[in-house]
Amino acid sequence: MKKYILLIVMVALAGLAGAGLVRYSQQARAIHSDIAARENSIVGIHAFLQAPAASAYENTAALAGFETVYVAPNSGIDIEPLYQYDAPEGFTIESFSEAWNESGLQLLYEELKKNKHGEEINTLQTVTIHSFETDDRSAEHITTEKKERLNLVFPLFPEGFGFDMFQSQGVIALYGGDTRTTIESMARSLSHEYGHHYTLYYMSADDTDGELDPEYAKIRGLDEDEARLALSNSTSGYYDYTNNHHLYLVEIAADDYVLLMGSPTVRQVVDFKDVADALNGEENPETIRMNEAFNALPQENLTIPPAGDVPGLAEYFYGFIGETPDRAPLDAEPITLNVERRTKSYDLVSGYETFANYLFTWNTPYEDAVYTLVSYNDAYEIYPVKTVQPGENARAVIGTLTSAGETAIRTASDNIAEGTKTFVVIALLPDGNVQFSEPLEMEF
Ligand SMILES: [Zn+2]
């Protein structure tokens with residue numbers, strides 16, 4: 001039998017994919033608040049939480065964050081934004097980034113207005129673009145109502161720090177202004193944070209701390225087994241929030257807003273490549289922001305139905321502003337995943353070796369939809385597998401794929417076919433509706 005030399009031409013790609021996946025998972029697990037990359041802040045938060053309530057503790061993590069962030073009027077720190085746009089509704093859009101001047105801010109204002117809104121927009125105070133990128137969050141929404149504040153403001157806004165400035169006013173902070181210089185790169189964060197503003201304004205329960213209207217959880221079909229219904233203002237609560245961000249009802253609500261009422265600009269598609277593409281020399285871009293990959297992560301929580309597939313949910317959201325949903329509900333068609341394990345063995349110079357890969361196929365009930373196969377592990381780290389454009393074959397491959405030449409074989413592999421993974425296909429329709437397949441869990 002012919003002996004082959006193993007030629008791993010895709011080492012670079014496999015390594016790249018690995019690095020990329022770390023990046024995806026960090027951003028996907030908690031689009032704007034992953035604590036893992038934030039050791040300095042953790043020290044600061046701990047110290048803050050352990051300090052006696054009455055002492056004037058200086059939160060170093062917060063102050064670091066405030067480097068170019070605006071601060072409370074009486075704090076003794078006075079930093080003026082570089083650029084400012086005054087919206088007709090009374091709020092301002094401020095920029096601390098050279099990349100966002102007045103005309104850019106006006107475009108951002110116009111983008112914000114593409115999201116559905118009602119009277120709540122009158123209580124928005126400021127949208128701020130910060131120049132620096134943070135590892136842990138791309139944006140956040142801040143309010144001062146006690147029940148709304150809680151962990152939403154940690155770690156940048158410890159208790160008692162500059163609250164008088166925010167008096168029930170919504171403040172949206174967008175980070176990474178120097179690197180996210182387009183409307184498209186800011187649109188998803190803006191819509192999600194405005195979603196916090198919208199949902200906290202209309203859906204805050206009256207007599208509770210950090211809970212949304214129980215009616216919402218009921219319509220969403222979520223109880224305490226499936227979602228964290230309330231925020232907890234404690235150290236453990238804070239860690240739980242950062243580690244299980246996608247389970248928090250306030251986050252699910254903000255994502256529902258994006259799906260049901262968000263600007264069309266958020267629906268951006270990233271063409272994810274699998275190992276079969278890699279063997280053909282096609283690779284994923286080196287850096288992908290998951291919040292610019294609406295097709296792979298239309299809502300942070302892929303374990304619950306997409307917002308448009310929940311009866312009564314769109315009506316509930318639009319009801320607050322006296323409107324009816326602007327598109328018909330999705331005519332839900334089941335999408336079913338099939339998987340086939342395939343192996344190839346070679347008599348290599350270094351010994352006999354078998355390579356395994358897995359072929360996923362699925363039905364495509366929506367002709368003009370973009371389909372994206374995504375997987376996640378037990379820690380809810382997201383691994384996008386493959387994007388299939390309308391008209392393309394609905395198939396994706398994971399594992400190690402080989403191609404034999406005259407004397408050598410080439411391989412392409414990913415790190416997806418390891419451990420326990422759950423797979424789901426996401427269909428994104430042209431009108432913005434989204435449908436998920438039944439999840440398929442596999443142990444490798
Ligand atoms: Zn959020």
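The values are calculated or read from the model by the stated rules, or taken from the named source; none is laboratory data. On a predicted model such as this, the values are computed, not experimentally measured, just so you know. Glycine gets a Cβ as well: all are built from the backbone with ideal geometry, and neighbour counts include every protein chain shown.
Table: residues versus (1) assigned to a loop (DSSP other than H, G, I, E, B); (2) not charged (D, E, K, R).
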position: 304; (1), (2): yes, yes
position: 314; (1), (2): no, yes
position: 328; (1), (2): yes, yes
position: 344; (1), (2): no, no
position: 364; (1), (2): yes, yes
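Condition check ((1) of a type in the set (A, V, I, L, M); (2) in the same structural domain as residue 376 (by TED's automatic domain parsing); (3) crowded, with 24+ Cβ neighbours inside 10 Å; (4) touching a Leu at 6+ places or on another chain (Cβ under 9 Å)) across all residues:
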residue: 243; (1), (2), (3), (4): no, no, no, no
residue: 250; (1), (2), (3), (4): yes, no, yes, yes
residue: 263; (1), (2), (3), (4): no, no, no, yes
residue: 279; (1), (2), (3), (4): yes, no, no, yes
residue: 291; (1), (2), (3), (4): no, no, yes, yes
residue: 298; (1), (2), (3), (4): no, no, yes, yes
residue: 301; (1), (2), (3), (4): no, no, no, yes
residue: 315; (1), (2), (3), (4): no, no, no, no
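Quick one: residue 393 ticks every box in (1) exposed (fewer than 13 other Cβ atoms within 10 Å of the Cβ); (2) outside any loop (DSSP other than H, G, I, E, B); (3) modelled with pLDDT of 95 or more bar one, so which box is it?
(2)
Residue check: is residue 330 closer than 23 Å to residue 424 by Cβ and aliphatic (A, V, I, L, M)?
So residue 330 passes the test.
Take the conditions in contact with a strand residue (DSSP E or B) (Cβ under 8 Å, 6 or more places away or on another chain) and either outside any loop (DSSP other than H, G, I, E, B) or of a type in the set (Phe, Trp, Tyr) (or both) and apply them to residue 356. Does it pass? Walk me through it before giving the result.
Details: in contact with a strand residue (DSSP E or B) (Cβ under 8 Å, 6 or more places away or on another chain): yes; either outside any loop (DSSP other than H, G, I, E, B) or of a type in the set (Phe, Trp, Tyr) (or both): yes.
The answer is yes for residue 356.
Select from segment 403-428 the residues that are among the polar types (S, T, N, Q) and surrounded by fewer than 21 Cβ atoms within 10 Å (Cβ to Cβ) and list them in ascending order. Before the answer, list the steps.
First, the residues of segment 403-428 that are among the polar types (S, T, N, Q): 403, 407, 411, 413, 415, 420, 422.
Passing the criteria: 403, 407, 415, 420, 422.
Take residue 193 and decide whether it is outside any strand (DSSP E or B), more than 29 Å from residue 265 (Cβ to Cβ) and either out of contact with any helix residue (DSSP H, G or I) (no Cβ under 7 Å at 6 or more places or on another chain) or not polar (S, T, N, Q) (or both). Steps first, answer last, please.
Details: outside any strand (DSSP E or B): yes; more than 29 Å from residue 265 (Cβ to Cβ): no; either out of contact with any helix residue (DSSP H, G or I) (no Cβ under 7 Å at 6 or more places or on another chain) or not polar (S, T, N, Q) (or both): yes.
No: the conditions fail for residue 193.
Which of the residues that make up segment 129-142 are within 16 Å of the ligand (Cβ to nearest atom) and either touching an Asp or Glu at 6+ places or on another chain (Cβ under 6 Å) or at pLDDT 90 or above (or both)?
136, 139, 141
Only one residue in 412, 379 is in contact with a helix residue (DSSP H, G or I) (Cβ under 9 Å, 6 or more places away or on another chain) and not in a strand (DSSP E or B), so which one is that? Quick ask: steps written out before the conclusion?
Numbers: 412 fails: not in a strand (DSSP E or B).
None of the other options fit; the residue is 379.
Cβ-Cβ under 9 Å, sequence separation 6+ or interchain: first residue in segment 323-343 and on the phi > 0 side of the Ramachandran plot, partner assigned to a loop (DSSP other than H, G, I, E, B) and not aliphatic (A, V, I, L, M). Which pairs?
If the second residue must be assigned to a loop (DSSP other than H, G, I, E, B) and not aliphatic (A, V, I, L, M), no pairs are left.
So, in segment 262-286, exactly how many residues are out of contact with any helix residue (DSSP H, G or I) (no Cβ under 6 Å at 6 or more places or on another chain) and within 16 Å of the ligand (Cβ to nearest atom)?
0
Hey, can you tell me all the residues within segment 242-261 that are more than 13 Å from the ligand (Cβ to nearest atom) and at pLDDT 95 or above?
259, 260, 261
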